[in-house]
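The values are calculated or read from the model by the stated rules, or taken from the named source; none is laboratory data. Just so it is clear, the structure is predicted and the values come from calculations on it, not from any experiment. Please note: Cβ atoms are built from the backbone with ideal geometry, for glycine as well, and neighbour counts cover all protein chains shown. When the accessible area is computed, the model is the full protein with side chains, heavy atoms only, and any ligands, DNA or RNA have been set aside. Shrake-Rupley method; radii C 1.70, N 1.55, O 1.52, S 1.80 Å.
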There are 2 protein chains.
Amino acid sequence: MTVSRRSVLGGTLAAGAVGMAPGASAASADRVERWGVHEIVLQGPSDGNPFEDVRLAADFTSVGRRVTVPGFYDGGGTYRIRFSPPDLGHWTWRTTSNVAVLRDRGGRVEAVPPRPGNRGPVRTTRDGYHFAYADGTPYRPVGTTSYSWALQSDARCVETLATLAAAPFNKVRMCVFPNVASVATDPFARTGHGPRDWDPARIDPAYFRRFEDRIRRLGAIGVEADVILFHPYDKVRGYSAMPRADDERYLRYVAARFGAFRNVWWSMANEYDIVESKTVADWDHLFEVLVAADSHDRLRSIHNLNTYYDHRKPWITHASIQHGAAVLDDGRVHPHRNFAQKAVIFDEVIYEGNSSKRWANLTGEQLVERFWWGTVGGAYVGHGEVVTGDDDPDGSWLGQGGRLRGTSPPRLAFLRRILEEGPAPGIDPIQQFWDYHLGGRDFTWYLRYFGQDRPAEWPVVLPTRDGDPHPNYRVDVIDTWNMTVMPVEGVFRMQRKNEYDVHDPARPTIPLPGRPYMAVRLVASP
Amino acid sequence: MTVSRRSVLGGTLAAGAVGMAPGASAASADRVERWGVHEIVLQGPSDGNPFEDVRLAADFTSVGRRVTVPGFYDGGGTYRIRFSPPDLGHWTWRTTSNVAVLRDRGGRVEAVPPRPGNRGPVRTTRDGYHFAYADGTPYRPVGTTSYSWALQSDARCVETLATLAAAPFNKVRMCVFPNVASVATDPFARTGHGPRDWDPARIDPAYFRRFEDRIRRLGAIGVEADVILFHPYDKVRGYSAMPRADDERYLRYVAARFGAFRNVWWSMANEYDIVESKTVADWDHLFEVLVAADSHDRLRSIHNLNTYYDHRKPWITHASIQHGAAVLDDGRVHPHRNFAQKAVIFDEVIYEGNSSKRWANLTGEQLVERFWWGTVGGAYVGHGEVVTGDDDPDGSWLGQGGRLRGTSPPRLAFLRRILEEGPAPGIDPIQQFWDYHLGGRDFTWYLRYFGQDRPAEWPVVLPTRDGDPHPNYRVDVIDTWNMTVMPVEGVFRMQRKNEYDVHDPARPTIPLPGRPYMAVRLVASP
């Protein structure tokens, strides 16, 4: 992810470009990739409390389009405005502020075609149930959770990033506020030594600068940052029990500071329903604040423990669900899609682990099975890991990142490959009223999953409807645990079996190996 | 259900009482049972179109309470206002109208304690997930569907009522507009002989008088009338494709006419999502009209085919769900409760039948199994039947009523008995994250169901939480199909088994007979 930076020092314009990628040159000073970040740097007052006292934004205007982008204070008299152009072409900008020196600054920037690897931000698809990058490439979430990895030492963060670069995960859920022992612990200025001695009106820019560095580095390896804005686990510090005005200031700050990075998603809270200081009406209000503050309109969700949020509310782009047993069967998945009427990600389904705690004791097989049921059900599933060992008694991937020790990640890489070979925009449930246990897209691509069952054969039957055409299919037998794809020879020439089904009368069944965790894929073929 | 009727003829008051129950006397003229129906009869204009031209309502006032009750035109210059007093005591009433002869009429009525059998209307319980009569008695829905039974001949209706009186069902879903061949076919005045030759502005009082007679007779045998206001099946007549003003007039009419009967529930539509002429916004609007028109605030739902309505909308009192596979497992039931945050009735889960159509081909065993999974999942399930035979080639219970031929009803009577012996307000899912397949109420009453599994024993393990007390339990083994309850001797003295569970170390398992459709009930015991 390239950051093009234009600096304005006092009233004097100075332009420069700094990219994360080595070799970015000053020649690209007024250019920025589409979906990249154009940053305006201004010097202004450092007295008083700039977080409270100074209002700053820039209006970016292009042909037929205008976006107002709030700025933020980065300490030491430095103010920044970050803009990620949604469209190609020339954009002009002009600032507004309640401070004279920051007011009526202006300039131009050209959004140029993105370089390879920049496919834009992830959005939900038109049908609402799937995801794609802005350039149209399908995005198949295979996420993990590492709550406080971004708040660890630089060395530990580098280790985590190396792990992610080699792992199947293309999204990581991560908290702004620490939930386990961390190196970075103070998002707000300390006013003393007690746990509550901090001033929510004085944000610590260094804390957020560190966090955004992690976001950028995730972007560089193609991983979405699912940024968790509040969580219920910090009862000592009380970051989720701030007065409303402080919550609002914090949300506006992170929206202005992080929102331009195209790999940012907003998760309003983890286990929102056990944040004792906030009601559903409070969360609704904070979403309204976030929507107004986030000029880049990033994806938005909220994650439950026991009580599902109303995901049909207009500010929710997709359902982020925790449930310990909802992906044990595709039939349990379906109602989530039907109620949400949006894409569903089961971000927490019990973690792989060897913990004595039941929320972190799945075998790799069990976690992978949940991914497959979720997939066939038309949803997405998330990974987490608490595997303790001699080298890591805390089993800390979930909390602090580091290395992965579980057996699921290679199998999730295999699943991701199957998804990416699959249909766009994604897998929908097929005739879920009738318990076929099929996902896919009608007349094109089907996936049948068997979970722990060990059938010795499968009747190759697909549902149809009166008059529906059915092509021929090629069939693969997939071992989801051993990561093999075995093509079945020849094609299946489908004919009507009865009012509801088609099959090939010449080969009504295929043999299966009698092992668990098998799947069958059917792909339309000439 | 007693109807107390006070007649006002022109300007001259004349009082009388007519009860459905034989022996009601004129002495009760200004009295009505609480939750009964007090009817005011007024004579007014019969020229023009009274359905359009005349507005009439009465304000009923009691200590600290005032209810405005709309009237309706019943043909022949007769206007009626029906009021079901929610509270005991003296009520005074006074009419408002745009017609002088109907204006400023007034009177008094005393609401007296109800007679046995009158427990008031059914409401949802405070927790939202269950039902109770207004007097506090739990109501456990065990419903059936007979769409057009009320529109058949008097003889056929009498047969249906006799069937219901002997059946386990305490609710019946029934359409105002016919969906199959019926004797009553014209809710609106005919203007010619073609299927569309009817005038929605001219309601036929006789049609609605017949329908309300069926509602009353259901009330007399303790059956709730789940009145379906629209459905998608009448494309010839087009009753669900009226202009909005006609829909509104119709809704106001049925609300004024039927709403005072305490056994009325409103189902806005059957399979609302395939009514082509209406959008979700239309349905929302019609709910707003119904809420405003229904001064008795009866239960309200809407029934889907494929797409779930947003049951969290404030006018919805409970979710009415159709799904062919959602009650095949209690784990599929749970998300429905969690999303709706209200009571859930799976009113259509595929019918018992011998039809070649897959929506009506369940065995009795299969339908009863669905009831039990729904029950253990904390929801309620509905019955329907399409069993054809020599004596009834149409298999018409579902459409026209008559006799029941299936094998499920006696087993549903048995289930109803188990429910009625069970805890109030009803059965909740127990720790559904962890797939215990238990319903009940913590530390009091548990039900475990096994469906088609045929275990030879069951480990008597109940979930607990840190520090939760657990009493001793008595255990019954229930054969849900053969309708037997076999007590297990002695009590189970629960002790902690591990961090999450309790059991009795002296008897960790109980034997089961290895048959399908078994359940185990655990009841706290000294």
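Can you tell me the length gained on complete extension of the stretch A:Val180 to A:Asp284, counting 0.36 nm per residue apart and subtracting the Cα distance?
On the way: separation 104, 0.36 × 104 = 37.44 nm, distance 2.72 nm.
Full extension from A:Val180 to A:Asp284 adds 34.7 nm.
Need one number: buried accessible surface between chains A and B, 1.4 Å probe, both sides summed, DNA, RNA and ligands left out, in Å² to 100.
Details: alone 20880 and 20860 Å², together 38380 Å².
Chain pair A/B: roughly 3400 Å² of buried accessible area.
In chain A, a dipole from Cβ-located charges (positive for Lys and Arg, negative for Asp and Glu) runs towards its positive end, and of A:Pro121, A:Thr68, A:Ile510 it is A:Thr68 whose Cα lies farthest in that direction. Considering only protein heavy atoms and a probe of 1.4 Å, how much of the accessible area of chain B is carbon and sulfur, as a whole percent? Summing carbon and sulfur atoms, their accessible area is 51 percent of the total for chain B.
Using the beta-carbon distance between B:Arg507 and B:Gln431 and R0 = 25 Å, what value does 1/(1 + (r/R0)^6) give for FRET efficiency, to the nearest 0.05? That pair, B:Arg507 with B:Gln431, gives E of 0.65.
Accessible area per residue for chain B is 36 Å², calculated with a 1.4 Å probe on protein heavy atoms, without ligands, DNA or RNA.
Averaging over all projection directions, the Cα-based convex hull of the protein assembly as shown occupies 50.5 nm² in the image plane. Only the Cβ atoms of Lys and Arg (+1) and of Asp and Glu (-1) were treated as charged; on that basis the dipole of the protein assembly as shown about its Cα centre amounts to roughly 1260 debye.
Cα-Cα pairs above 21 Å in segment B:153-220: how many percent? Don't jump to the answer; show the numbers that get you there.
Details: 740 of 2278 pairs.
Tail of P(r) above 21 Å: 32 percent of Cα pairs.
Seen against the Cα atoms of chain A and their longest principal axis, helix A:280-293 is set at about 70 degrees.
Do you know the relative contact order of chain A, to the nearest whole percent, from alpha carbon pairs under 8 angstrom that are 6+ apart? Relative contact order for chain A comes out at 10 percent. Taken along the Cα-to-beta-carbon direction at a fixed 7 Å, the label points for A:Ala456 and B:Lys313 span 5.3 nm. Taken over segment A:216-341, the percentage of Cα pairs per 10 Å bin, counting from 0 up to the bin with the maximum distance, is 12, 41, 34, 12, 0.
The B:Asp390 and A:Glu421 beta-carbon pair, evaluated with R₀ = 51 Å, returns a calculated FRET efficiency of approximately 0.40.
Let's see if you can work this out: charge +1 on each Lys and Arg Cβ, -1 on each Asp and Glu Cβ, no other charges. What is the dipole magnitude of chain A about its Cα centre, in debye to the nearest 20? Intermediate results must be reported in sequence, preceding the final value.
Details: 63 positive and 63 negative charges, 242 e Å.
Here chain A has a charge dipole of around 1160 debye.
For B:Tyr351, the amide hydrogen comes within under 5 Å of the amide hydrogens of B:Ala360, B:Asn361, B:Leu362, counting only partners 5 or more places away or on other chains and with H modelled in the peptide plane. Under a 5 Å amide H cut-off, with hydrogens placed 1.01 Å from N, B:Arg123 pairs with B:Ala132, B:Tyr133, B:Ala134 among residues at least 5 apart or on other chains.
Once the partner protein chains are put back, segment A:336-365 shows a loss of at least 50 square angstrom of accessible area, versus the chain by itself, at A:Asn338, A:Phe339, A:Arg358 (probe 1.4 Å, ligands and nucleic acids excluded). Over all pairs of different C-alpha atoms in segment B:362-415, the reciprocal of the mean inverse distance, the Kirkwood hydrodynamic radius, equals 11.9 Å. Rounded to the nearest 20, the Cβ-based charge dipole of segment B:22-113 about its Cα centre (Lys and Arg +1, Asp and Glu -1) stands at 280 debye. Working note: Cα atoms of segment B:206-259, range along each principal axis, descending, whole Å: 36, 23, 19.
For chain A, the longest principal axis of the Cα atoms and the long axis of helix A:330-340 meet at an angle of about 40 degrees.
Can you compute the equivalent ellipsoid semi-axes for segment B:360-451, i.e. the square root of 5 times each eigenvalue of the Cα gyration tensor, sorted largest first and rounded to whole Å? Present the calculation step by step, with values, prior to reporting the outcome.
On the way: eigenvalues 197, 33, 18 Å².
One finds semi-axes of 31, 13, 9 Å for segment B:360-451.
Given 20 °C and 1.002 mPa s, how large is the Stokes-Einstein diffusion coefficient of segment A:194-237 in µm²/s, with Rh as the Kirkwood radius over Cα pairs?
Details: Rh = 12.7 Å.
Result for D is 169 µm²/s.
Here the scattering of segment A:158-277 is modelled by Debye summation over its C-alpha atoms, one equal scatterer each and no solvent; at q = 0.18, 0.21 Å⁻¹ the log10 of I(q)/I(0) is -0.99, -1.29.
Can you compute the equivalent ellipsoid semi-axes for segment B:122-181, i.e. the square root of 5 times each eigenvalue of the Cα gyration tensor, sorted largest first and rounded to whole Å? Write out the running numbers ahead of the final one.
Details: eigenvalues 153, 37, 15 Å².
Listed largest to smallest, the semi-axes of segment B:122-181 are 28, 14, 9 Å.
Per the Cα gyration tensor, segment A:33-86 maps to an equivalent ellipsoid with semi-axes of 25, 12, 7 Å, ordered largest to smallest. Rounded to the nearest 10 degrees, the inclination of helix A:244-258 to the longest alpha-carbon principal axis of chain A is 80 degrees.
When you work out D = kT/(6 pi eta Rh) for chain A at 25 °C and 0.890 mPa s, using the Kirkwood radius from C-alpha pairs as Rh and the Stokes-Einstein form, the result is 100 µm²/s. Summarising the amide proton neighbourhood of B:Ile321: residues at separation of 5 or more, or on other chains, whose placed amide H is nearer than 5 Å comprise B:Ile345, B:Phe346, B:Asp347, B:Glu348. Counting only Cα atoms, the size of segment B:154-193 along its three principal axes is 43, 20, 14 Å, in decreasing order.
Our helix-only sum for chain B, with -39,500 (n - 2.57) per DSSP H run of n ≥ 4 divided by its residues, gives a mean residue ellipticity at 222 nm of -6000 deg cm²/dmol.
Taking the label point 7 Å along Cα→Cβ, A:Arg65 and its counterparts in the other copies are spaced 6.0 nm apart, in ascending order. If the Kirkwood radius is taken over C-alpha pairs of segment B:437-526, then at 20 °C and 1.002 mPa s the Stokes-Einstein diffusion coefficient equals 161 µm²/s.
Checking the table A:Lys171/B:Lys313; A:Lys235/B:Lys313; A:Lys342/B:Lys278; A:Lys235/B:Lys497; A:Lys342/B:Lys313; A:Lys342/B:Lys357 against a 25 Å threshold on Cα-Cα, which pairs fail?
Working: A:Lys171/B:Lys313 33 Å; A:Lys235/B:Lys313 34 Å; A:Lys342/B:Lys278 22 Å; A:Lys235/B:Lys497 31 Å; A:Lys342/B:Lys313 17 Å; A:Lys342/B:Lys357 31 Å.
Check vs 25 Å cut-off fails for A:Lys171/B:Lys313; A:Lys235/B:Lys313; A:Lys235/B:Lys497; A:Lys342/B:Lys357.
Inter-copy label distances for B:Thr185: 8.2 nm (label point placed 7 Å from Cα along Cα→Cβ; shortest first).
Kindly identify segment A:72-189 as rounded, prolate or oblate by the Cα gyration tensor criterion: order the square roots of the eigenvalues as a ≥ b ≥ c, call it rounded if a/c is under 1.5, otherwise compare a/b with b/c, prolate if a/b is larger, else oblate.
Details: a/c = 2.33, a/b = 1.16, b/c = 2.00.
Because a/c hits 1.5 or more and a/b fails to exceed b/c, segment A:72-189 counts as oblate.
Placing the label point 7 Å from Cα along the Cα-to-Cβ direction, what are the distances from A:Ser525 to the equivalent spots in the other copies, shortest first, in nm to one decimal? Between copies, matching label points for A:Ser525 lie 6.2 nm apart. For the charge dipole of chain B, defined by +1 on Lys and Arg C-beta atoms and -1 on Asp and Glu C-beta atoms about the Cα centroid, which residue among B:Pro243, B:Gly107, B:Pro469 has the Cα displaced farthest towards the positive pole? Of the options given, the answer is B:Gly107. Candidates A:Pro425, A:Val386, A:Ser396 compared by Cα position along the dipole of segment A:377-432: farthest toward the positive end lies A:Pro425, with charges placed on Cβ.
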